[in-house]
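J.: Encoded as structure tokens, here's the structure I'll be asking about.
Derivation of every value follows stated rules applied to the coordinates shown; laboratory data play no part. The structure presented is a predicted model; accordingly, all values stated were derived computationally and were not measured. As a convention, Cβ positions derive from the backbone with ideal geometry for all residues, glycine included, and neighbour counts pool all protein chains shown.
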Amino acid sequence: MILVECKSIPTSESYFITTPIYYVNDVPHLGHAYTTIVCDTLARFMRLDGREVLFLTGTDEHGQKVEKSANLSGETPLDFTNRVSQRFRELTKKLQISNDDFIRTTEQRHIQASQAIWTALNQSGDIYLGSYSGWYSIRDEAFFSENELIKPKGSSGQLLAPSGAPVEWVEEPSYFFRLSNWQQRLLDFYDKNPSFILPESRRNEVISFVSGGLQDLSVSRTSFQWGITVPGDSNHIMYVWLDALTNYITASGYPDTGSALFEKFWPANIHVVGKDILRFHAVYWPAFLMSAGLEPPQRVFAHGWWTVEGQKMSKSLGNVVEPFELVERFGLDPIRYFLLREVPFGNDGDFSESGLVHRVNSDLSNDLGNLSQRVLSMIFKNCGAALPTPGEFSEDDNTLLAKMGGLLKQVRTAMEQQLCHRALEDIWVLVRAANTYVDHQAPWGLKTSDPERMNTVLYVLAESLRHTGILIQPFMPNSADKLLEQLGVPDDERDFSHLNKSSCLVPGKTISQPEGIFPRILNDTHF
Ligand code: MSP
């Protein structure tokens, strides 16, 4: 029997991937779940592809916004952050996120790392004391110059940040970071590293922002308390973004740059962020790192935003999508599949229940669900519940087998560019080809006329399910497990090195009674 060999990279290369750390001023919503699920999928993919992965997520707990929310709820900032941070930790459990670390910026290891990077910036001559007078948006935790602000027509005169958040005038002593000195070095860095910022359109936006000139950045605050003290000046706390960005190196062991952890995982392979926080990651962060004598990350990918039924998700509109509830209602894997498949990664997307139901029913229940149910039931009934022995392969068989053989390479190429939707599209080309193949070969009619041919067809189909099951593991871990379980694929033969002919299904091996893996979502159950 000749199955097409798909070469897998024999590598234990490291892969460090991060989500943004989430502000604890609010409970988790769909936007947070989205970034975390994308990163989880990439992390799982890389592990199955033989990479050693460090996958980091966590919570951003300092700053004026969090202090204000704690005051409003009548709690101390620490009690408040302990409570809300726990909610984010629970979300990672609910979404079965495979993170290796969960960082909180109130942890001692992080305070130490933040003070160490401050000291390094200071030693390189990039920090000076001055005073800040200008606009600040607490919601964005960001400073804005007058020409960036919006003055809504007919309003009370309240100026707004580009995000729509109100700004307030701030005047206080502040330390500054000499960002203006980094303009050319940043432009050179973008030039030498063309895939540092993805997607391409976002890269162009950042380059044009930096080319327009950079002002020094205020990196400390004195008008409130909730933050990390500036080394050597306890009147100042560090600007929350300098503190927050540092989490990525804290988790890699900074300031111990000689540690095995740091050597293995820094620079990070990728920070996945929303488009609203790209400037912090693609401008300030590499400048801080280079100033501290550290390498910038290899990539920052800025994804788009989800609206809900065409509207911005907001508390005031009452349309905030709550991920715990969503998973309870529809199950985890359908939600993961929808979020990963519906929107080309990088674009904005719209979440609607009808869109979700349509996508799940058509791709999961109809395409993959029917395929697996048909094939496994036929094997169970017609082959004595044992995987059949194939005979000689026909041209049609070889065409389908070749599709399986070439798939990992295609999916890997998509995942190296973080294009989860493209990877799923590629896998579904195989699923649809296998469905067409069943229809053409009509194995149900071969039972009496040509049982040997029926065995070959069902074997080829079972192999297509094995390939599909292995490849969908990062996207839908639970459903993939069920499928591979039903096919009798051993636990230690499920990584991508087994997408080859030497790990093909063993004829004669018994299978269990097949059970539906992707139930249809019935509209009346949910509406
Ligand atoms: N604390 C900062 C990040 C610091 S990273 C060093 C922060 N936190 S956040 O909780 O406000 O946002 C976290 C992420 O959620 C951001 O990447 C943001 O883009 C994302 N989203 C928030 N709302 C979203 C949608 N409606 N859709 C998709 N993602 C969205 O920013």
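J.: Rank MET46, VAL230, PRO255 by how far each Cα sits towards the positive end of the charge dipole of the chain (+1 on Lys, Arg Cβ; -1 on Asp, Glu Cβ) and give me just the farthest.
T.: Toward the positive end, the furthest listed residue is MET46.
J.: A further question follows. Averaging over all projection directions, find the projected area of the Cα convex hull of the chain and quote it in nm² with one decimal place.
T.: Numbers: hull surface 107.8 nm².
Computing the convex hull of the Cα atoms and averaging its projections yields 27.0 nm².
J.: Sorting MET476, MET313, MET378 on the 10 Å Cβ count, fewest up front, what's the list?
T.: On the way: MET476 26, MET313 17, MET378 21.
Ranked by crowding around the Cβ, least crowded first: MET313, MET378, MET476.
J.: For HIS281, what charge total do you get from the other residues with a beta carbon under 15 Å from its beta carbon, if Lys and Arg give +1 and Asp and Glu give -1? Walk me through the numbers on the way to the answer.
T.: Values: positive: ARG202, ARG203, LYS275, ARG279, ARG299; negative: ASP60, ASP140, GLU141, GLU205, ASP243, ASP276, GLU295.
Local charge sum for HIS281: -2.
J.: Just the number, please: percent antiparallel of the DSSP beta bridges in the chain, rounded to the nearest 5. Can you show the working numbers first?
T.: Details: 24 of 47 bridges.
Around 50 percent antiparallel, to the nearest 5.
J.: About its Cα centre, what dipole magnitude does the chain give when the only charges are +1 on Lys and Arg Cβ and -1 on Asp and Glu Cβ, stated in debye to the nearest 20?
T.: Numbers: 47 positive and 64 negative charges, 85 e Å.
Dipole magnitude for the chain comes out near 400 debye.
J.: Lysines near LYS275 by alpha-carbon distance under 28 Å, same-chain residues fewer than 8 away left out - which ones?
T.: LYS65, LYS68, LYS93, LYS94, LYS151, LYS153, LYS192, LYS312, LYS315
J.: Within 10 Å, Cβ to Cβ, of ASP60, how many net charges do the neighbouring residues add up to if Lys/Arg are +1 and Asp/Glu are -1?
T.: Net charge around ASP60: -1.
J.: If you don't mind, another one. Hey, can you list the DSSP H helices of the chain whose Cα span along the axis is 18 Å or longer and whose average Kyte-Doolittle score is at least -1.0? The partial results should precede the final answer.
T.: Working: long enough: 30-48 (27 Å, 0.60); 77-94 (25 Å, -1.21); 108-123 (22 Å, -0.59); 395-416 (32 Å, -0.40); 420-441 (31 Å, -0.15); 451-471 (30 Å, 0.17).
What comes out of the filter, once short or polar helices are dropped, is 30-48, 108-123, 395-416, 420-441, 451-471.
J.: Here's another thing I want to ask about it. Pulled fully out, how much extra length does the chain show between TRP428 and THR389, if you take 0.36 nm times their separation in residues and subtract their Cα-Cα distance? Don't jump to the answer; show the numbers that get you there.
T.: Details: separation 39, 0.36 × 39 = 14.04 nm, distance 2.61 nm.
Separation in residues times 0.36 nm, less the Cα-Cα distance, equals 11.4 nm.
J.: Further, regarding this structure: If the cut-off is 25 Å between C-alpha atoms, which lysines fall inside it for LYS501, apart from same-chain ones fewer than 8 positions away?
T.: LYS7, LYS403, LYS409, LYS482, LYS509
J.: Computed from the mean reciprocal separation of all distinct C-alpha pairs, what Kirkwood hydrodynamic radius does region 274-319 have, in Å?
T.: Values: mean 1/r = 0.0781 Å⁻¹.
Computed over Cα pairs of region 274-319, the Kirkwood hydrodynamic radius comes out at 12.8 Å.
J.: Compute the Rg/Rh shape ratio of region 58-103: radius of gyration over Kirkwood radius, all on alpha-carbon atoms. Intermediate values should be presented prior to the final figure.
T.: Details: Rg = 11.9 Å, Rh = 11.4 Å.
Taking Rg over the Kirkwood Rh, I get 1.05.
J.: Something else about it: To the nearest 500 deg cm²/dmol, what mean residue ellipticity at 222 nm is calculated for the chain from DSSP H runs of n ≥ 4 alone, each contributing -39,500 (n - 2.57), summed and divided by the residues?
T.: On the way: 20 runs with 230 residues, N = 527.
It lands at -13500 deg cm²/dmol.
J.: Is the C-alpha gyration tensor of region 1-136 telling us rounded, prolate or oblate? Criteria: a/c under 1.5 is rounded; beyond that, a/b larger than b/c is prolate, otherwise oblate.
T.: On the way: a/c = 2.93, a/b = 1.61, b/c = 1.82.
It comes out oblate by the Cα gyration axes.
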